[in-house]
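Beneath this line is the structure, given in structure tokens, with notes to follow.
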Amino acid sequence: MGTVCELDITNVAHGGVFVSRHEGRVIFVADTLPGERVLARITDASQKSFWRADTVEVLTTSADRQEHIWSAASVNRDPAQRAGGAEFGHIKLATQRDLKAFVLEDSLSRMGKIERRVEVEALEGDDESQGTGWRTRVRLHVDADGKVGPYAARSHNIIEVEDLPLAASRIAELAPFGQRIPGIDFIDLVGPSGDSARAIAGNIDTGKNKKRPAPEPITEIVGKRAFKVDVRGFWQVHRHASATLSEAVSSVIDEALFDPRAANHDLYGGVGLFAAAVGDRFGSTTRMTSVESDEMATEYALDNLAEWVGARAVTARVDRYLDSVRRDLNAVEKARYAAATIVLDPPRAGAGKEVVNSLAELSPAQLVYVACDPVALARDVALFAERGYQLEELRAFDLFPNTHHVEAVARFVKN
Ligand SMILES: C[S@@+](CC[C@H](N)C(=O)[O-])C[C@H]1O[C@@H](n2cnc3c(N)ncnc32)[C@H](O)[C@@H]1O
């Protein structure tokens, strides 16, 4: 058991924790918010520069605190028994968005060296539901005794819960609350917009089993378009995320810089969501190549993009793909890349130096970057700036209400 101390919370930090200072050291504290004074238990004193702590009692309550939207995650519980995945659920929704905007602005200022005001935009229906009922995908974990539930906050202990307020009701209804199901590692609850909801039991792939699971296509509807995606494959989690991001990606593109004949790309393309959004805006002759490392997703992308004669889908790691393109360019292709619009939606770690360098060398007219991590985005903003690309436009979306996560859509152009 760690030491308990009284702490004044001064700010929000990246990762859903809050800043306090104690005896000259920064302590990152969970389950509080700026302006509060709390009793907190130190949970990690292994680092020299900062420690970590959990709130055990709120001594001075912020006006922005609310009763947690999920009783299983409440500060009234023992920290080890608090369910994870709703680490902002004790904060009023409007304040959550202000905190997310601050983290994005602060990351851009410190790492990206640019000053920007950002508004984190709400998705349809979230204010009315207080940010609940939006998840179309939930993974519940199962331990060796068959106990089922989400992980606790900041650990892999499974917490038995009676409800899943962030989940859409049609998948929450499928959760086997209170049951024991030994022999599996997880249960995925999946609620596609164009298909029936389902629960899929599975085991963690340890790498020994080389056989890939048989394809199991489901349908997701975005606007007037239907997408095939595998039941185990990546799809945006919020019920309105795909529509919101598709609109943001297609509308942020500067038409004056867009050439439908250029080497346009949708990198980290999944099943072709953004390639379709760009194609829908710029017409049936638009050339667009989706690049995605997951072979099965690429097969679905080929299907989903079949109506565009100029659409291709390639299975490759983006870093390797760009490296080989860069090495083999002839003069015609060089001009096609220089005129291109490139969309990229990397995983949490961001694009990184190698990908940014390759992109800069290909010198596209504009880049549209969809980012799920503000710090990774800010680091890539700095890398792009070094290579002659400046951030031209930026929007942010509250794609994950009641959690600390925020999504951004940025457009870069050549200086
Ligand atoms: C955030 S998802 C975006 C998918 C798609 N844009 C969408 O919104 O549906 C990132 C995708 O990148 C893929 N991916 C991860 N690392 C990759 C890499 N190094 N090269 C290519 N694809 C990668 C993942 O399989 C996943 O489909």
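The values are calculated or read from the model by the stated rules, or taken from the named source; none is laboratory data. Please read these numbers as outputs of a predicted model, since none were measured by experiment. Cβ: placed from backbone, ideal geometry, glycine included. Neighbour counts: every protein chain shown. Areas reflect the complete protein model, heavy atoms only, side chains present, ligands, DNA and RNA absent. Shrake-Rupley method; radii C 1.70, N 1.55, O 1.52, S 1.80 Å.
Within the range 289-325, work out how many residues are β-branched (Val, Ile, Thr), more than 10 Å from the ligand (Cβ to nearest atom) and open to solvent by less than 70 Å² (accessible area, probe 1.4 Å). Spell out the reasoning first.
Residues of the range 289-325 β-branched (Val, Ile, Thr): 289, 291, 298, 309, 314-315, 318, 325.
Among the residues that remain, those that are also more than 10 Å from the ligand (Cβ to nearest atom) are: 289, 309, 325.
Within this subset, residues satisfying the condition of being open to solvent by less than 70 Å² (accessible area, probe 1.4 Å) are 289, 325.
The number of residues fulfilling the criteria is 2.
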When you scan the range 355-366, do you find a residue that is within 13 Å of the ligand (Cβ to nearest atom) and either among the charged types (D, E, K, R) or surrounded by fewer than 24 Cβ atoms within 10 Å (Cβ to Cβ) (or both), even just one?
yes
Among the candidates Ala313, Ala276, Ala340, Ala331, residue that is more than 23 Å from the chain's Cα centre (by Cα) and touching a residue at least 40 places away in the same chain (Cβ under 8 Å):
Ala340
Take the residues in the range 224-236 that are within 16 Å of the ligand (Cβ to nearest atom), in a loop (DSSP other than H, G, I, E, B) and open to solvent by 60 Å² or more (accessible area, probe 1.4 Å); name whichever of them is farthest from Val278 (Cα to Cα).
Arg232
Name the residue that is modelled with the lowest pLDDT, counting only residues in the range 1-60 that are more than 20 Å from Arg110 (Cβ to Cβ) and small (Gly, Ala, Ser).
Gly2
Does at least one position in the range 328-341 carry a residue that is under 19 Å from Arg387 (Cβ atoms), open to solvent by less than 10 Å² (accessible area, probe 1.4 Å) and away from the ligand (no atom under 13 Å from the Cβ)?
yes
Output yes when any residue across the range 15-31 is under 23 Å from the mean Cα position of the chain (by Cα) and acidic (Asp, Glu), and no when none is.
yes
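Just the residues that are of a type in the set (Gly, Ala, Ser) and either within 11 Å of the ligand (Cβ to nearest atom) or free of Cβ contacts under 8 Å to residues at least 60 places away in the same chain (or both), please, taken from the range 237-254.
Ala241, Ser242, Ala243, Ser246, Ser250, Ser251
Could you tell me which of the residues Val222, Val252, Val237 is modelled with pLDDT of 95 or more, of a type outside the set (Phe, Trp, Tyr) and within 25 Å of Leu391 (Cβ to Cβ)?
Values: Val222 fails: within 25 Å of Leu391 (Cβ to Cβ); Val237 fails: within 25 Å of Leu391 (Cβ to Cβ).
When all the criteria are applied, what remains is Val252.
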The condition from (1) under 25 Å from the mean Cα position of the chain (by Cα); (2) within 17 Å of Val161 (Cα to Cα) that Asp78 misses is numbered (1)
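Conditions tested, residue by residue: (1) surrounded by fewer than 19 Cβ atoms within 10 Å (Cβ to Cβ); (2) of a type outside the set (A, V, I, L, M, F, W, C).
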| site | (1), (2) |
| --- | --- |
| Ile69 | no, no |
| Gln81 | yes, yes |
| Arg97 | no, yes |
| Ser109 | yes, yes |
| Glu115 | yes, yes |
| Asp126 | no, yes |
| Arg137 | yes, yes |
| Lys147 | yes, yes |
| Arg154 | yes, yes |
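Which count do you get for residues in the range 9-51 that are in a loop (DSSP other than H, G, I, E, B), aliphatic (A, V, I, L, M) and either in contact with a Gly (Cβ under 6 Å, 6 or more places away or on another chain) or open to solvent by 20 Å² or more (accessible area, probe 1.4 Å) (or both)? Steps first, answer last, please.
Residues of the range 9-51 in a loop (DSSP other than H, G, I, E, B): 13-17, 23-24, 31-36, 45-49.
Add one more test, that the residue is aliphatic (A, V, I, L, M), and what stays is 13, 17, 33, 45.
Within this subset, residues satisfying the condition of being either in contact with a Gly (Cβ under 6 Å, 6 or more places away or on another chain) or open to solvent by 20 Å² or more (accessible area, probe 1.4 Å) (or both) are 45.
Of the residues in the range 9-51, 1 are in a loop (DSSP other than H, G, I, E, B), aliphatic (A, V, I, L, M) and either in contact with a Gly (Cβ under 6 Å, 6 or more places away or on another chain) or open to solvent by 20 Å² or more (accessible area, probe 1.4 Å) (or both).
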Test of understanding: among Arg116, Arg154, which residue is among the basic types (Lys, Arg), in the same structural domain as Phe397 (by TED's automatic domain parsing) and within 22 Å of the chain's Cα centre (by Cα)?
Arg116
Any chance Phe102 is touching a residue at least 60 places away in the same chain (Cβ under 8 Å), outside any strand (DSSP E or B) and open to solvent by 30 Å² or more (accessible area, probe 1.4 Å)
yes
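With a cut-off of at least 3 residues that are farther than 13 Å from Ala262 by Cβ, name the helices (runs of 4 or more DSSP H) lying wholly within the range 295-344. Let's see the steps before the verdict.
Numbers: elements: 295-304, 318-327, 331-338.
Hits in the range 295-344: 295-304, 318-327.
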Qualifying residue in the range 367-376 (condition: within 13 Å of the ligand (Cβ to nearest atom), farther than 16 Å from Ala408 by Cβ and surrounded by 18 or more Cβ atoms within 10 Å (Cβ to Cβ))
no
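Quick check on Val375: is it modelled with pLDDT of 95 or more and either under 14 Å from Tyr268 (Cβ atoms) or under 12 Å from the mean Cα position of the chain (by Cα) (or both)?
Numbers: modelled with pLDDT of 95 or more: yes; either under 14 Å from Tyr268 (Cβ atoms) or under 12 Å from the mean Cα position of the chain (by Cα) (or both): no.
Spelling it out, it is not the case that Val375 is modelled with pLDDT of 95 or more and either under 14 Å from Tyr268 (Cβ atoms) or under 12 Å from the mean Cα position of the chain (by Cα) (or both).
Restricting to the range 255-287, and then to whatever is assigned to a helix (DSSP H, G or I) and among the aliphatic types (A, V, I, L, M), can you tell me which residue is nearest to the ligand (Cβ to nearest atom)?
Going through the range 255-287, the residues assigned to a helix (DSSP H, G or I) turn out to be 255-257, 273-282.
Narrowing further to those that are among the aliphatic types (A, V, I, L, M): 256-257, 273, 275-278.
Values: Ala256: 25, Leu257: 21, Leu273: 4, Ala275: 9, Ala276: 10, Ala277: 10, Val278: 12 Å.
Top of the filtered list is Leu273.
Being open to solvent by 60 Å² or more (accessible area, probe 1.4 Å) and under 24 Å from the mean Cα position of the chain (by Cα) is the filter here, so list the residues in the range 186-223 that pass it. Step through it out loud before you land on a result.
First pass over the range 186-223, keeping only residues open to solvent by 60 Å² or more (accessible area, probe 1.4 Å): 193, 196, 201, 203-206, 208-217, 221, 223.
Ser193, Ala201, Asn203, Ile204, Asp205, Glu216, Pro217, Ile221, Gly223 - these are the residues of the range 186-223 that are open to solvent by 60 Å² or more (accessible area, probe 1.4 Å) and under 24 Å from the mean Cα position of the chain (by Cα).
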